[in-house]
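The values are calculated or read from the model by the stated rules, or taken from the named source; none is laboratory data. All figures in this text were calculated on a predicted structure; none of them were measured in a lab. Using ideal geometry, Cβ is built from the backbone for each residue, glycine included, and neighbour counts are taken over all protein chains shown. Surface areas here come from the heavy atoms of the whole protein model, side chains and all, with no ligands, DNA or RNA. Shrake-Rupley method; radii C 1.70, N 1.55, O 1.52, S 1.80 Å.
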Amino acid sequence: MKPWIEPLVETIARIESLAARIAPARIDFLSGAATRIAAKRDVGSTLGLNFICTHNSRRSHLSQIWATVAAQAHQLDWLRMMSGGTEATACNPRVVASLRRAGFSVVNPSPTDSNPRYLLQYSDDTAPIELFSKTFDDPYNGQSSFVAMMCCDHADDNCPVIHGSVGRVSLHYRDPKESDDTPVEASTYDDRRDEIGAEMFALMRLIAEKG
């Protein structure tokens with residue numbers, strides 16, 4: 001068994017089950033993306049996947065996290081995951097709450113900051129992932145040798161050129177923000193979390209098969 005933090009074991013099994021039920025047309029799309037990503041591999045170096053949405057507050061963080069978990073599961077140590085936005089705001093606390101419900105360990109060492117740097121851990125033997133909002137070209141991410149993974153149509157439409165990228169994939173996930181402060185807020189965030197998780201597990205499996 002992978003050394004996941006114990007509460008995550010059941011969640012990951014469910015996500016992998018969802019990945020096996022993704023619609024064939026979407027699998028075809030992900031397979032094409034996997035082919036393009038695998039073709040960018042340069043033996044001896046790493047390739048970044050930079051998950052980008054407008055504010056780097058919701059979908060891009062969920063994508064980065066699940067891609068990291070799935071890449072470890074498929075032993076894709078030549079990939080590095082990051083996220084960014086066309087502008088910086090903050091990692092949304094509703095995303096943090098949803099990740100905690102899934103079993104991730106998320107702590108906030110700087111609760112008074114307007115853009116806190118959360119530390120997320122998913123495995124007992126890996127360093128935490130630092131979650132905070134930043135632009136896609138922030139020095140924290142590195143500014144070259146990455147594929148731009150566009151998580152929302154707004155960022156995709158308004159950024160025709162992503163400087164430093166070596167490729168582009170238009171994932172486009174629906175924004176859970178539409179449910180904020182409604183009775184279905186938690187379920188909407190959890191559904192989007194699981195949808196993205198399933199697709200990241202499918203994508204990493206396909207990359208492993210092609211790479």
Legend entry - Full-extension gain in nm, SER187 to GLU10, via 0.36 nm per residue minus C-alpha separation: 61.9 nm
Inset, instruction - Tell me what the chain gives for mean residue ellipticity at 222 nm when only DSSP H runs of n ≥ 4 count, each as -39,500 (n - 2.57), the sum divided by the residue total, rounded to 500 deg cm²/dmol. - result: -13000 deg cm²/dmol
Inset, instruction - Measure off, as a whole percent, the carbon and sulfur share of the 1.4 Å-probe accessible area of the chain, all protein chains present. - result: 50 percent
Legend entry - FRET efficiency for ASP77 and ASP180, using Cβ-Cβ distance with R0 set to 25 Å, rounded to 0.05: 0.10
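As a test, work out the antiparallel percent of DSSP beta bridges whose residues both lie in region 35-131, rounded to the nearest 5.
45 percent
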Legend entry - Extension gain (nm, one decimal) between VAL161 and SER110, 0.36 nm per residue minus Cα-Cα: 15.0 nm
Legend entry - Fully extended contour minus Cα-Cα distance, from THR135 to ASP153, at 0.36 nm per residue: 4.8 nm
Legend entry - Axial C-alpha extent at least 18 Å, average Kyte-Doolittle at least 0.5 - helices from the chain (DSSP): 24-39
Inset, instruction - Please calculate how many Å² of accessible area region 57-211 carries per residue, with a 1.4 Å probe and no DNA, RNA or ligand atoms counted. - result: 42 Å²
Legend entry - Dipole axis of region 1-113 (+1 Lys, Arg; -1 Asp, Glu on Cβ), positive-most option in HIS55, SER105, LEU30: LEU30
Inset, instruction - Could you size up the charge dipole of the chain around its Cα centre, putting +1 on the beta carbon of Lys and Arg and -1 on that of Asp and Glu, and report it in debye to the nearest 20? - result: 400 debye
Legend entry - Separation of the ASP125 and ALA88 label points, Cα + 7 Å toward Cβ, nm: 3.4 nm
